[in-house]
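Novice: One structure is given below, represented as structure tokens, and several questions about it will come after.
The values are calculated or read from the model by the stated rules, or taken from the named source; none is laboratory data. Model, not experiment: these values are computed from the prediction. Quick reminder, even Gly has a Cβ in these numbers, built from the backbone with ideal geometry, and neighbours come from all protein chains shown. Only protein heavy atoms, including side chains, enter the accessible area calculation; ligands, DNA and RNA are left aside. Shrake-Rupley method; radii C 1.70, N 1.55, O 1.52, S 1.80 Å.
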Amino acid sequence: MKKYYVYFICLLLSTSVFAQVEGITYQAVLIDNNPDEIPGIDVPSNSIPEQPIAIRFSIEDALGSMEYQEIQQTQTDLYGTISLTIGQGERTPESLVPFDQINWDGPKSLRVDIDLQAGSDFTEFSRQPLTYVPYVRHRNFIADGVTNLNNDLYVNNESFARFSGDVLVEQDTRLQRLTAFGESNFNHRVTIEAPMETTNQSDIDAYPLRITGSAHGMAIELNDNIPDRTTNFVSFWDGNGNPVGRIEGFQALTDVSQNFILEVLLADEPDIDEAREQEDNDTAPPAPAPGAFDIYLNNDYSLNLLLEYIDLIEASSTFGWNLGACIGGLAVLGDCDDAAWSFIQLIMQGVQISLYVGYNERNVGVAFESGGADYAEWLKKFDENENLSFGDVVGVRAGEISARFAEAEKFMVVSRNPIVSGAMPKPGEENKYRQVAFIGQVPVKVLGDVNKGDYILPSGNGDGMAIAVSPEQMRLNDYRRIIGVAWQEYHGNDLFSYINTAVGINSGDLAREVSQMQVIMNRMQEALAEVNPSYHPDFFDVESISVSNLGEKTQSKTMQQLLLERHAIGQGDVRQQLLEMKAMMEVEDSMSPYFSFSKLPYLEEVLQNPTPQNLEKYKAFYEKALTKLKGFVQQ
């Protein structure tokens with residue numbers, strides 16, 4: 001009897017992740033559906049045990065195009081069962097990609113072909129869609145909802161992990177190497193701890209942070225709209241956590257305005273009687289400064305501005321008293337001339353405030369703060385093997401230095417910790433040079449006692465030491481050997497001491513000697529003129545003992561005189577002078593956007609209508625304002 005075989009397939013799919021095995025498990029039972037004739041019983045079907053068989057698996061996309069194909073040779077067991085792993089067979093030439101490169105995105109179907117003779121005569125047995133969940137592999141992981149991984153996630157074989165959206169990591173993250181191809185944002189502190197293999201400062205590989213790939217380096221933008229000396233762009237610490245330097249803001253405070261100070265002064269303004277009672281109470285403490293006023297007290301620029309305002313308020317108060325005396329005709333605290341001069345002083349203070357604010361508004365930048373106190377340059381050593389240390393006095397000959405030079409073009413000192421160094425030598429040649437202080441403060445090795453203000457000179461022995469000489473004991477040839485001026489004193493038994501010395505500031509030290517020589521020459525000419533009446537002396541003008549009585553020095557006019565030349569106040573009656581003062585105030589207001597005299601309380605009112613009531617109100621306000629501002633500063 002001819003037998004016909006029909007197969008009942010039981011298919012079980014899953015992803016195999018053990019060791020290096022990857023694939024889809026496939027199980028089936030082969031059954032002969034032709035009944036066997038047994039006496040008394042017809043058996044409808046039997047399994048096919050121990051039958052060699054060839055299975056061909058094909059994975060097709062939604063259009064029926066084959067992406068992957070393999071053949072596996074196997075044999076049924078005693079029960080007619082086969083168990084295979086799709087992905088572990090022999091890939092056919094028709095397969096487009098290996099199994100581990102199948103793109104699982106989109107629908108897939110599994111076609112099974114079978115050959116009972118285990119040869120190449122395959123017959124299509126089944127074609128069925130692969131369900132979504134079973135064949136999802138980590139290589140192409142698609143999750144349309146929240147996905148939880150309850151254990152570690154490894155990306156092996158140097159493969160990429162690509163995220164097209166945001167990645168939120170709420171715990172510590174450890175990365176061997178991080179490469180960001182786009183703009184990256186860090187919303188918290190970033191700490192770089194990277195022990196480098198080299199510590200050579202000339203080697204770029206010695207630096208944990210390297211910025212490359214652009215025409216510019218690094219941009220730092222602070223949250224503070226107006227960074228000042230309390231706001232640091234970059235700060236430096238040593239290994240012990242001690243601050244050693246910083247690059248800080250240096251910018252005028254636009255919101256530090258005249259209006260703000262006046263608002264503080266006008267706050268809770270008492271009437272005249274209350275002001276007098278407060279003046280009489282000497283035990284009352286000054287009112288505390290408002291919180292917003294702290295910006296004036298914690299910043300060099302604004303504190304100096306506040307001090308300028310105190311001078312302005314003081315000048316305003318003085319003007320009020322002198323004007324009152326002039327109007328009342330008392331001539332006790334000041335007459336009308338005094339009122340005019342005190343008004344000039346008031347205008348002068350306002351002009352200074354305007355120029356002070358204007359200059360700082362236009363000139364912004366940063367300041368470098370460091371423990372170093374001098375500017376230095378690298379100068380080449382005359383003898384490369386000479387050992388020079390900070391504080392050593394060196395002579396300079398044609399740009400080369402040595403402590404052994406007893407005579408030299410100039411004498412300088414080796415710097416300890418310059419804030420800036422110029423003329424940096426080539427890498428590897430630093431030992432041929434030393435940093436020499438050009439200007440600033442620097443410690444110098446000085447023999448013997450030292451007084452502040454002494455000149456510091458080389459010892460003259462070519463030993464790198466210095467001596468201190470008082471100005472009265474200086475000889476003419478000593479001036480060209482000046483290293484600097486002592487800003488520190490020493491009286492002790494040590495062989496030498498390190499003296500803080502100001503260098504690079506001795507441009508006018510010969511003036512005293514020249515003046516004495518001029519006095520002597522004047523006396524000689526006077527004596528010659530007495531002997532020879534036809535001789536006409538040409539005297540030098542010196543400040544002392546000048547026979548010409550013309551001992552003058554070049555001197556400018558005072559600011560008050562310059563203001564009077566710009567705004568002439570006549571000698572007319574008081575009201576005419578007040579009108580001229582008001583005109584002067586208006587002209588100065590038109591010249592500056594940073595200060596306005598018209599905003600000063602009661603000033604314009606007093607100039608227009610100097611009644612006793614207005615004068616009393618004016619004086620009471622400025623006396624109170626002066627006390628209030630001084631109290632803020634003293635706190």
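Novice: Ranked from the most accessible area to the least, with a 1.4 Å probe and all protein chains present, what is the order of SER421, SER415, SER596?
Specialist: Per-residue accessible area, sorted high to low, gives SER421, SER596, SER415.
Novice: Heavy atoms only, 1.4 Å probe, whole protein assembly: order GLU616, GLU565 by accessible area, highest first.
Specialist: Descending order: GLU565, GLU616.
Novice: So, for the stretch 596-635, what is the accessible surface per residue at a probe of 1.4 Å, expressed in square angstrom?
Specialist: Solvent-accessible surface per residue comes out at 43 Å².
Novice: Roll a 1.4 Å probe over the protein heavy atoms and report the accessible area of LEU388 in Å², nearest 10.
Specialist: About 10 Å², rounded to the nearest 10.
Novice: Calculate the spin-label point distance for TYR207 paired with GLU170, positioning each point 7 Å from the Cα along the beta-carbon direction, and give it in nanometres.
Specialist: 3.9
Novice: To one decimal place, what Kirkwood hydrodynamic radius in Å is obtained for the stretch 460-540 from all pairs of distinct Cα atoms?
Specialist: 16.1
Novice: Go through GLY358, GLY395, ALA373 and say which Cα lies farthest out towards the positive end of the charge dipole of the stretch 340-454; charges sit on Cβ, +1 for Lys and Arg, -1 for Asp and Glu.
Specialist: Value: GLY358.
Novice: Please sort by residue number the chymotrypsin sites (Phe, Trp or Tyr not before Pro) in the stretch 429-489 whose DSSP state is loop and whose Cβ has at most 16 other Cβ atoms within 10 Å.
Specialist: Working: sites: TYR433, PHE438, TYR455, TYR479, TRP487; in loops: TRP487.
Sites meeting the loop and neighbour criteria: TRP487.
Novice: Next question, about the same structure. At a probe size of 1.4 Å, how large is the accessible area of GLU409, to the nearest 10 Å²?
Specialist: 130
Novice: Once you list every other residue whose beta carbon is under 13 Å from the beta carbon of MET66, what net charge do they have if Lys and Arg are +1 and Asp and Glu are -1?
Specialist: Combined, the nearby Lys, Arg, Asp and Glu give -2.
Novice: Mind giving me the nanometre distance, one decimal, between the label points for GLU472 and GLU526, set 7 Å out from Cα along Cα→Cβ?
Specialist: 2.4
Novice: Sorted by accessible area with a 1.4 angstrom probe, largest first, how do SER534, SER302 fall? Can you show the working numbers first?
Specialist: Values: SER534 80, SER302 0 Å².
The residues order as SER534, SER302, largest area first.
Novice: Same structure again: Given points 7 Å out from each Cα along the Cα-Cβ axis, report the GLU197 to LEU149 separation in nanometres with one decimal.
Specialist: 3.1
Novice: What FRET efficiency comes out for the pair GLU94/ASN187, r = Cβ-Cβ distance, R0 = 56 Å, nearest 0.05?
Specialist: 0.60
Novice: Could you compute the FRET efficiency for ASN506 and GLU384, with r as their C-beta to C-beta distance and R0 at 35 Å, rounded to 0.05? Before the final figure, lay out each step's value.
Specialist: Numbers: r = 30 Å, r/R0 = 0.87.
Efficiency, rounded to the nearest 0.05: 0.70.
Novice: A further question on this structure: Kindly provide the trypsin sites (Lys or Arg not before Pro) of the stretch 383-430 that DSSP labels as loop, not H, G, I, E or B, and whose Cβ sees at most 16 other Cβ atoms within 10 Å.
Specialist: ARG404
Novice: Using amide H atoms built in the peptide plane, which far-off residues or other-chain residues are under 5 Å from LYS410 H to H?
Specialist: Those lying under 5 Å, H to H, from LYS410 are VAL396.
Novice: Additional query: Give, to the nearest whole percent, the P(r) tail of the stretch 343-495 beyond 26 angstrom, counting all Cα pairs.
Specialist: 40
Novice: Starting from the exponent 0.38 and prefactor 2.2 Å, build the expected Rg for the stretch 167-248 from its residue count and divide its actual Cα Rg by it.
Specialist: 1.37
Novice: Express in Å², to the nearest 10, the accessible area of THR123 obtained by rolling a 1.4 Å probe over the protein heavy atoms while all chains stay in place.
Specialist: 80
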